[in-house]
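Undergrad: Quick one: this structure, given as structure tokens, is what I'll be asking you about.
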Amino acid sequence: MQLFFNPTITESTEIFSFDKEESKHIIKVLRKKDTDILFVTNGSGYLFKTEITLASDSKCTVKILSFEKAPVAKFHIHLAVAPTKMNDRYEWFLEKATEIGIHEITPIICDHSERKVINNERFDKILLTAMKQSNELYLPKLNPAITFKEFVKLKNKGLKLIAHCEETDKRSLKSVLKPNEDITILIGPEGDFSEKEIVLALENDFTAVSLGNTRLRTETAAIVACQSVVFINEG
């Protein structure tokens, strides 16, 4: 199934048009024509079956034939991940985490962060493309970048974890995960979290965890954490 995206459509929408860029792609590149069927999501769990009524490359218009909504997950994965020095590594994380089934992402600026500015517009496009390619119906939420100190003081719901590499008391991620539980996991930059940040997280009710015996890159650690939560919730 090829999936298209339009964030404005709801259950009450009957007819809508794609923007010029998407219309050109549908008509010129994919060579769709009148009466062809398109499947569209609004990124909020809905799948709409539509039929092209106007095959215009500047304003492709469709009518909705039917729709269904995917069930809402019984758990919520929120990863707060420090930006990587090489931007393409963070983009890889965003793409793969979307395919796996992440719900929310917050870039966090840490003491050891080498990159402190991110391009939210580009990251949003990567999330959207990954959602469509993997036939996901829920678009992950990307929050603005925030400092580590600000983030740990937020009222994040559910289980709160910080994954780090320091030789201190830590539990394995596997040992603390439970099905159907909201979870927030902090993943640090290439230089890991500072000792001060780890202490601050523990003071704000985060639990220190290990992701294994090897030292992982930031983006790899984030994917391991994401997949571990999804895996424990399968079945």
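The values are calculated or read from the model by the stated rules, or taken from the named source; none is laboratory data. Owing to the predicted nature of the structure, the values given are computational and were not obtained by experimental measurement. So basically every Cβ, Gly included, is an ideal-geometry build from the backbone, and we count neighbours across all protein chains shown. Remember, those area values only see protein heavy atoms, side chains included, never the ligands or the DNA or RNA. Shrake-Rupley method; radii C 1.70, N 1.55, O 1.52, S 1.80 Å.
Undergrad: Quick one: if the Förster radius is 30 Å, what FRET efficiency do residue 231 and residue 117 give, using the C-beta to C-beta distance and rounding to 0.05? Walk me through the numbers before you get to the answer.
TA: Working: r = 33 Å, r/R0 = 1.12.
E(calc), rounded to 0.05, equals 0.35.
Undergrad: Right, something else. Can you sort 46, 90 by 1.4 Å-probe accessible area, starting with the largest?
TA: The ranking, largest first, comes out as 46, 90.
Undergrad: What whole-number value in Å² describes the accessible area per residue of segment 180-235 for a 1.4 Å probe?
TA: Result: 48 Å² of accessible area for each residue.
Undergrad: Before anything else, pin down the relative contact order of the chain: Cα pairs under 8 Å, at least 6 apart, normalised by residue count, whole percent.
TA: On the way: 452 pairs, mean separation 47.3, N = 235.
So the answer I get is 20 percent.
Undergrad: Taking a probe of 1.4 Å, how large is the accessible area per residue of segment 1-131, in Å²?
TA: Dividing the accessible area of segment 1-131 by its residue count gives 52 Å².
Undergrad: Hey, which of these cross-link pairs are over 19 Å Cα-Cα: 96/132; 149/170; 96/196; 20/125; 125/153?
TA: Distance filter (> 19 Å) returns 149/170; 96/196; 125/153.
Undergrad: Then there's this: When the Cα centres of segment 1-58 and segment 137-204 are compared, how far apart do they sit, in Å?
TA: Each part reduced to its Cα centre gives a spacing of 38 Å.
Undergrad: Mind telling me which of 13, 129, 41 comes out most flexible in a GNM of the chain, alpha-carbon contacts under 10 Å?
TA: 13
Undergrad: Provide 211, 202 ordered by accessible surface of protein heavy atoms (probe 1.4 Å), highest first.
TA: Order by accessible area, largest first: 202, 211.
Undergrad: Quick check: net charge around residue 180, other residues with Cβ under 12 Å of its Cβ, Lys/Arg +1 and Asp/Glu -1?
TA: In short, -1.
Undergrad: Pick out, from 228, 6, 37, the residue whose Cα sits farthest towards the positive end of the charge dipole of the chain, with +1 on the Cβ of Lys and Arg and -1 on the Cβ of Asp and Glu.
TA: Of the listed residues, the answer is 37.
Undergrad: Still on this structure, please answer the following. Share of the chain's accessible area from carbon and sulfur, percent, 1.4 Å?
TA: After summing per-atom areas, the C and S share lands at 49 percent.
Undergrad: Be a star and scan segment 47-84 for residues whose amide nitrogen sits under 12 Å from the point 7 Å along the Cα-to-Cβ vector of residue 3.
TA: 47-48, 70-71
Undergrad: With +1 on each Lys and Arg Cβ and -1 on each Asp and Glu Cβ, how big is the dipole of the chain about its Cα centre, in debye rounded to the nearest 20?
TA: Here the chain has a charge dipole of around 320 debye.
Undergrad: If you rank 5, 206, 39, 67 by how much accessible surface each has, with a 1.4 Å probe, what is the order from largest down?
TA: 67, 39, 5, 206
Undergrad: When the helices in the chain are scored as -39500 (n - 2.57) per DSSP H run of 4 or longer and the sum is shared across all residues, what 222 nm value do you end up with, to the nearest 500 deg cm²/dmol? Don't skip to the answer; put the middle values down first.
TA: Details: 7 runs with 66 residues, N = 235.
Rounded to the nearest 500, it is -8000 deg cm²/dmol.
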